[in-house]
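Novice: Structure incoming, see below.
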Amino acid sequence: MSEQAVQLPLPGFEQERLNWRRSYERQCPDGKTLRNRSGIEVKPLYTPDDWDGARYMADLGFPGQPPFTRGIHATMYRGRTWTQRQLVGLGTPEDYNARLKTILSHGGSAGSLIPCNSVYRGFDCDEVDPLLLGTCGAVVNTVEDMETCFRDIDLGSFSAALNDPSPFTLLAFVLAVAERRGVPWAKISGTSNQSDYISHFVANHMFFRLALPGARRVLLDHIAFCAERLPLWNPLSIVGQHMQQAGATPAEAMGLTLSSAIQYAEDCRARGMAPDAFLPRFTFFFDLSISFFEEIAKLRAGRRIWQRLTRERFGATDPRSWRFKFHAQTSGLDLTRQQPLNNIARTAVQAMAGIFGGLQSLHADAYDEVLSVPTEGAARIAVSTQNILREEAHLTDVIDPLGGSYYVERLTNQMEDEILAVIERIEQAGGMYRAVESGLVQRMLGESALAFQDRVERGEETIVGVNAYQIPESEEMPRAPLERPDPAIMEQQVARLARFKAERDQDRAKRALDDLARAATSAEENIFSVLVAAAKAGATHGEICACLRRELGDGQPLIVP
Amino acid sequence: MSLAATPLDDKAAALVARLRAGEALALSKAITALENDLPEAGALIGALRPHLGHGLSIGVTGPPGVGKSTLVNGLIGQFRAQARSVGVVAVDPSSPLSGGAILGDRVRMTDHGSDPEVFIRSLASRGHLGGLAPTAARVVDALDAAGKEVVLIETVGAGQSEIEIAAVADIKIVVLAPGLGDEMQALKAGILEIADILVVNKADRPLAEQTASQLKAMLSLRAPARRDVPVLLTAATDGQGLEALVAEIDRLGVPPDRAARRRARTRQLLAGVAADLLRERLLADDDPAVEALCDQVERGTLALDQAARRTLEGS
Amino acid sequence: MTAFSERTRPPRVLVTKVGLDGHDRGSRIVAAYLRDAGMEVVYTPPWQGIERVVKLALEEDVDVIGVSSLSTDHLLIPQLMTALGQAGLGHIRVVVGGIVPDGDEAELLAAGVAQVFHPGVTREEIVAGVEAFALEARAAFDLETAS
């Protein structure tokens, strides 16, 4: 082919299309209308009628250039592959440290820290039932625990993704440890994952929730603090994954996520921050369902909308503000308990969608996630899956390899329209904050979750082994029992916390918590800055959270099915 | 009640003795019997009667989204701080399609989730005869007999039947939110009429003061006897204005004409149930007498009101 | 609308989550299913304590409690069973839905849980199961012995 753009009409196009349609309708007389999860009709065939190269510059352009449809970097995976960020978090700080060292010894330079559910909920380990401790993440309550987590790790050359919801005590502990070790804060790099309080509020309630106004204030203080003091830290990851896991369609998930981003950016702007000071450090996190082409189109469309929003709405001039950086995780909702090894195939397809969608970082689920907390063997297969896709299958050789596909381009445009409609609906409701406060977003998620479940029930969505191709229960493979942490180890952890509290400078810790309470009620002070001081003074995670809950209110979920 | 005690009477008496002794399970089962008109319900009503009239009942109603549940949550806290025991009846709508219901109001009353002196019961509006009001009145009686010093009834004031539920109470609080605007005009006729106290909740929002003055202006147009309804501002999420609201509730206290009001209410409830029963009978298409009356009306040989009177004969 | 005496009592079900996890997509869908099947559903947000669940079940006179668990919160359910028994609520049937490993399932059943619903269960199976358990619970209740 020459490098000329396609010109319509093409000789013979109309006649041959008619011929094709006749054949198609003869052989497939009662072809049903198919729709993807976002409700877009999917046709049997796409042609230059749907998209043609004449739109190339407007719709696609080149990688690393607006509108970034083909990727945010000029080199994409040829330059640097995506980060394989498998989530790690288990048991005690010692367990975590050992696992992290193993990962780093295999050449990694980044790690994630997933805390125990008790930490998410804002409690210390002595405040919850010991049965629940350390089963799905690490128990980190104090600066001393954080010291242990990162023992022998150079904080100045390591990138940490902390699953650290508001009020960001984990980062405060990291900063306290860095200071003790003499590592300048300017060298601390990583991301505050789970800082998107809106997504937590409506979709994934795995943290203790300040009331909405309090959460809003704490996040803004956190962003402002990081902008001033932590040049290498991304204070905000906006989580479409929560939205989609809670029921949003892919288009809704992207639309709601961008609406949250608009809200956060407007809030920062209202505080007097310059768009180019905060936008480059907004990152995103998306779910990858098995609806392959739809997910690819979702991600490509999202990139395009973001660059337009940042430039047109916020007037950002720094190209880094325009780039839509995101992590993605394969969806656990598509995985099945029946014939669980099938999940390896599912995860591979989901991951491919993310790779073709141009992600920067990927977590592939373990196949047994739907049975229990993932086992080590299954987690290893998830890592291998990524390696196979990248190196054996050569998926990374060509940048945006599906670019120019009539179907993918048409679908990307249609998804863009759907996403924009969601953003418009939220704008009409007064923006994301108001739409969450009124329960609008929660209702959208609930309705879409039910609608999808109904499609499954009606057999319109096939789920292999569940509503099709089932095998008798007796032929299912034996499922490994869940490994539970040794209760004695968790008792030691509780004892260690007691010792830490007994041995600290009590007056200093108390004064620091009093300061925090005062900062929470004064509009003058930056809460996060005072919180870091409290972490240094020996205040625990549970104490800090309880203090802010008391002062800023305990958020109640607005959820009725 | 002059007849010899039946097994159902014995069962009811035992249940009442146990709920009077503070047994929550007995109270809960008694409410179920009353709500569902189980066989022992009649006997229960009789057995509860000697123990009624000690508590103060408070109806809380208003349009959806004004924060009624949060306000009730705050009121519970206030009454508990005064060491008064509290019963709550929270009414949620039933789905007209399935008859099922999600009972979620008490979700916002979780501050008192483990206080043994607070008993919360959710009721679905269902298709009760005469509306839910007769049933709600019985449930309130059960809580009263069980010794709850204050009984709160929370219901969405979206229609006449919901307003009737709140009207079961000694004191009726109508809750509004700032900036209702046009809605307020529509409210004038119905919901405001029953209010003993008007509350503008979410007073931390703009327009709260303005809404309160609008309400006062509306009240000033009323007959003198119904003019002096207090208008209070609250922000239930942080407790603002709740103490004043409780003081106002206590100032009003048990209405002096309680017995007369109770009788008037019973009459209302009776009328409601009777009307429903009659409607049901007339709409059933298997009664030849009703068919004959319809024929006459359609032929023009009998006036509609005369035909209606005849349906009552022999009822 | 039918006459008082003919009216049937819809099953009353408490749909809740205990412990620390907050993923509520499943519990919300199940609550909607049960409502759409004509049941009265007392719904709570996540993170309920055992004591609170017992008080709720007691005051609302529910027939069935459905607990959704997606991480490891099902480990608390034996405590719930004991607490229900102590409160005179041994007649209430408890079902668990979500991610429960096989070994744990046996433990839950031994503790008195009526059934564990796993991912992939259909609407019909849930509705039919809960209805049957509600009838069982009513038959099992005896006021004389409960206290």
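A short reminder: the numbers here are calculations on the coordinates, not readings from a lab. Since the structure is predicted, the reported quantities are computational estimates derived from the model, not experimental observations. Every residue, glycine as well, gets a Cβ built from its backbone with ideal geometry; the counts of neighbours run over all protein chains shown.
Novice: With labels modelled as points extended 7 Å from the Cα through the Cβ direction, what inter-label distance (nm, one decimal) is found for A:ALA393 paired with C:GLN79?
Specialist: Modelled inter-label distance: 4.4 nm.
Novice: Any chance you could list P(r) for the protein assembly as shown, counting all Cα-Cα pairs in 20 angstrom bins from zero, rounded to whole %?
Specialist: 12, 39, 34, 13, 2, 0
Novice: Positive end of the charge dipole of the protein assembly as shown (Lys, Arg +1 and Asp, Glu -1 on Cβ, about the Cα centre): tell me which of B:ALA177, B:SER114, A:VAL174 has its Cα farthest that way.
Specialist: B:ALA177
Novice: Helix A:376-387: angle to the longest alpha-carbon principal axis of chain A, degrees 0 to 90, nearest 10?
Specialist: 50
Novice: Expressed as an acute angle from 0 to 90° and rounded to the nearest 10, what is the orientation of the C-alpha long axis of helix A:212-229 relative to the principal long axis of chain A?
Specialist: Approximately 90 degrees, to the nearest ten.
Novice: Another question about this same structure. Only residues of region A:391-417 count here: report those whose backbone N is under 15 Å from the spot 7 Å along Cα→Cβ of A:ARG17, or say none.
Specialist: A:406-407, A:410
Novice: Counting Lys +1, Arg +1, Asp -1, Glu -1, what net charge surrounds A:GLN245 among other residues with beta carbon under 9 Å of its beta carbon?
Specialist: Charge balance in the 9 Å sphere: 0.
Novice: With the calculation restricted to Cα positions, what are the radius of gyration and Dmax of region B:1-92 in angstrom?
Specialist: 16.2, 51
Novice: Ordered by residue, what ³J(HN,Hα) values in Hz, to whole numbers, does region A:57-64 give under the Karplus form 6.51 cos²θ - 1.76 cosθ + 1.60, where θ = phi - 60° and Gly and Pro are x?
Specialist: 5, 6, 8, 10, x, 10, x, x
Novice: Looking at chain A, which longest stretch skips every one of the GluC sites (Glu not before Pro) that is in a DSSP loop with at most 11 other Cβ atoms within 10 Å, leaving the sites themselves out?
Specialist: Segment A:4-523 is the longest.
Novice: I would also like to ask the following. Please determine, in degrees from 0 to 90 and to the nearest 10, the orientation of helix A:292-308 with respect to the longest principal axis defined by the Cα atoms of chain A, where the helix direction is its Cα long axis.
Specialist: Taking Cα atoms only, the helix is inclined about 70 degrees.
Novice: Can I ask one more? Calculate the length of the line joining the C-alpha centroid of region C:49-68 to that of region B:3-43, in whole Å.
Specialist: For region C:49-68 versus region B:3-43, the Cα centre distance is 22 Å.
Novice: Apply the membrane-span-like helix rule to chain C: whole DSSP H runs, Cα extent along the own long axis of at least 18 Å, mean Kyte-Doolittle hydropathy at least -1.0. List the helices found.
Specialist: Those that clear 18 Å and a mean of -1.0 are C:123-140.
Novice: Here is a follow-up. What net charge is computed for the residues neighbouring A:TYR197, neighbours being all others with C-beta under 13 Å from the C-beta of A:TYR197, Lys and Arg scored +1, Asp and Glu -1?
Specialist: Spelling it out: positives minus negatives among the neighbours equals -2.
Novice: Could you give the nm distance between label points at A:LYS43 and A:LEU341, where each point is 7 Å from its Cα heading toward the beta carbon?
Specialist: For the pair A:LYS43/A:LEU341, the computed spacing is 4.2 nm.
Novice: May I pose another question? Over region A:176-305, what is the relative contact order in whole percent, taking alpha-carbon pairs under 8 Å and six or more residues apart?
Specialist: The value is 27 percent.
Novice: Going by amide H atoms built from the backbone, whose H comes under 5 Å of the H on C:ILE65, apart from near neighbours?
Specialist: For C:ILE65, the qualifying residues are C:LEU14, C:ARG93, C:VAL94, C:VAL95.
Novice: Give the order of B:HIS128, A:HIS394, C:HIS91 when sorted by the count of other beta carbons within 10 angstrom, beginning with the fewest.
Specialist: Ordered from fewest to most neighbouring Cβ atoms within 10 Å, B:HIS128, A:HIS394, C:HIS91 come out as A:HIS394, C:HIS91, B:HIS128.
Novice: To the nearest 500 deg cm²/dmol, what mean residue ellipticity at 222 nm is calculated for the protein assembly as shown from DSSP H runs of n ≥ 4 alone, each contributing -39,500 (n - 2.57), summed and divided by the residues?
Specialist: Calculated from helices alone, the mean residue ellipticity at 222 nm is -14500 deg cm²/dmol.
Novice: Based on the Cβ-Cβ distance of B:ALA260 and A:GLU457, what FRET efficiency does E = 1/(1 + (r/R0)^6) give at R0 = 41 Å, to the nearest 0.05?
Specialist: 0.15
Novice: Could you tell me what % of all Cα pairs in chain A have separations over 35 Å?
Specialist: Everything past 35 Å amounts to 39 percent.
Novice: Nearest 5 is fine: what % of DSSP beta bridges in chain B come out antiparallel, could you say?
Specialist: Of all bridge pairs located within chain B, approximately 5 percent are antiparallel.
Novice: Using θ = phi - 60° and the Karplus curve 6.51 cos²θ - 1.76 cosθ + 1.60, what whole-Hz ³J(HN,Hα) does each residue of region A:167-177 get, with Gly and Pro shown as x?
Specialist: Coupling constants for region A:167-177: x, 6, 5, 4, 5, 4, 5, 4, 5, 5, 5 Hz.
Novice: Just the number, please: percent antiparallel of the DSSP beta bridges in the protein assembly as shown, rounded to the nearest 5.
Specialist: Looking only at bridges with both residues in the protein assembly as shown, the antiparallel portion is about 5 percent.
Novice: Cross-link candidates for A:LYS325: which lysines have Cα within less than 18 Å, leaving aside residues fewer than 8 places away along the same chain?
Specialist: A:LYS298
Novice: Can you put A:CYS547, B:CYS294 in order, fewest other beta carbons within 10 Å first?
Specialist: Placing the least packed residue first, the sequence is B:CYS294, A:CYS547.
Novice: Here is a follow-up. Over all distinct Cα pairs, what is the inverse of the mean 1/r for chain B, reported as the Kirkwood hydrodynamic radius in Å?
Specialist: 21.2
Novice: Expressed as a rounded percentage, what relative contact order does chain B have, with Cα pairs under 8 Å and six or more residues apart?
Specialist: Normalised by residue count, the contact order of chain B is 18 percent.
Novice: When A:TYR406, A:TYR96 are ordered from fewest to most other Cβ atoms inside 10 Å of their Cβ, what list results?
Specialist: With the fewest neighbours first, A:TYR406, A:TYR96 line up as A:TYR406, A:TYR96.
Novice: Given the convex hull of the Cα atoms of region A:266-367, what is a quarter of its surface area in nm²?
Specialist: 7.0
Novice: Could you identify which residue out of C:ILE29, C:ILE99, C:ILE126 has the top mean-square fluctuation in a GNM of chain C using Cα springs shorter than 10 Å?
Specialist: C:ILE29
Novice: Please tell me the relative contact order of chain A in percent, rounded to the nearest whole number, where contacts are Cα pairs under 8 Å and at least six residues apart.
Specialist: 19
Novice: Work through the residues other than C:ALA114 whose Cβ is under 9 Å from its Cβ and net out their charges, Lys, Arg +1 and Asp, Glu -1.
Specialist: Neighbour charge sum, excluding C:ALA114 itself: 0.
Novice: Let me ask another. So, in nm, how far is label A:ARG269 from label B:ASP250 when the simple model puts each one 7 Å beyond its Cα toward the Cβ?
Specialist: Using points 7 Å along Cα→Cβ, the separation is 5.2 nm.
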